[in-house]
Each structure stands twice: as C-alpha cells, then as structure tokens.
1. Return yes when Val41 is at pLDDT 90 or above, open to solvent by less than 40 Å² (accessible area, probe 1.4 Å) and at negative phi and no when it is not.
2. Against the definition (under 12 Å from the mean Cα position of the chain (by Cα) and not in a helix (DSSP H, G or I)), how does Ile101 come out, yes or no?
3. Within segment 8-38, take every residue that is polar (S, T, N, Q) and open to solvent by 70 Å² or more (accessible area, probe 1.4 Å) and give me the one that is nearest to Gly88 (Cα to Cα).
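The values are calculated or read from the model by the stated rules, or taken from the named source; none is laboratory data. As the structure is a computational prediction, the values presented were derived from the model and not from experiment. Please note that ligands, DNA and RNA were not included when accessible areas were found on the heavy atoms of the full protein model with its side chains. Shrake-Rupley method; radii C 1.70, N 1.55, O 1.52, S 1.80 Å.
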Amino acid sequence: MALDSEPPVFPVSIKLTAARIDAKHTDVAVLGFSNCIVILVTQLSSVGSLVQCVVSQLADTMLADPQHMADQLANEASVPVDIKFLLGNPGACAASSLYQILATFLSQRKHTQNPSDVRPVVLGIGLDLPREYKVSIDDGMPDLGAFSSTMNAVGA
C-alpha cells in the first residue's frame, strides 16, 4: 500500500445525533448496512430490546399500481409491516407496545421515502420509562424530527 493513498472508508454509513426528549438525554445512531438499517435509540446508555421490521411483501404488490402507489405515498401509515422482537421479551416490557409503534413508524417512513429500498429496519431501543407506562391511542405520534432527519442523512 502506497503512503500517499487514502485510508479505506468504513463500509457502513453511520449518522449520530442526540436530543432531549421529555428532559432526558437521548442518543440516536443510524447505521446503513447493505442488508439492513440499524437504528439505535437509548436514554439508558444501552439497548434493551431489538425489534426487526420488514415491510410486508403485500406492500410491493399494492405499490405495483401507479394510482395505488400515489395513495400509499400520501398515507405512510397504511404500509403493512411485519414486526419481530429479536432480543427482549415483549410481554415482560411495559413499553413493548411503544417500541412496536416506533419501529413500525420508522419502517413505514423509510419505505415511503424510498420504496425501492427493501432493507429491513432493526430498532435497538432502551428508553427510561415509568414501570406502568401505557400507550394511549389519543396521544398521537411523538415528534420524530430527529429520527427522520437522521434517517434522511444516512439515505434510509
């Protein structure tokens, strides 16, 4: 290797950000691997659960029709997603519903922004939540601007 050559670039694109959510420091990392996108979100300096989201193959058949594709892109919440906990017990975690909602939202957002990107999303998450945390349907989705801008930056 010649001395004047540039060092090799790490093959995984990485974007990091941090924000205060409900007065708690929250770290977010997005790693763009060739076979998946890994999103790590933690308020605990560690990851408690890993959730895999794969856009259902049904979404591809639905998007084959150009008019239906326009309707789908207008309503990302209608993109079907299959969810699987890779690590962590969803029944033992009071916030497992929140984790599933967040993973689904991020996967749907990625798919509507770039329908040709078929990589699954793996969400590693550890939030500092009260033990009796309940997800209310009336709460709506939280402001996920930091997540969206980070995903856009990594090309997800």
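1. On the way: at pLDDT 90 or above: yes; open to solvent by less than 40 Å² (accessible area, probe 1.4 Å): yes; at negative phi: yes.
Yes; evaluated as a whole, the condition is true for this residue.
2. no
3. Taking segment 8-38 as the starting set, the residues that turn out to be polar (S, T, N, Q) are 13, 17, 26, 34-35.
Next cut, open to solvent by 70 Å² or more (accessible area, probe 1.4 Å) only: 34-35.
On the way: Ser34: 25, Asn35: 22 Å.
Going through the qualifying residues, I end up with Asn35.
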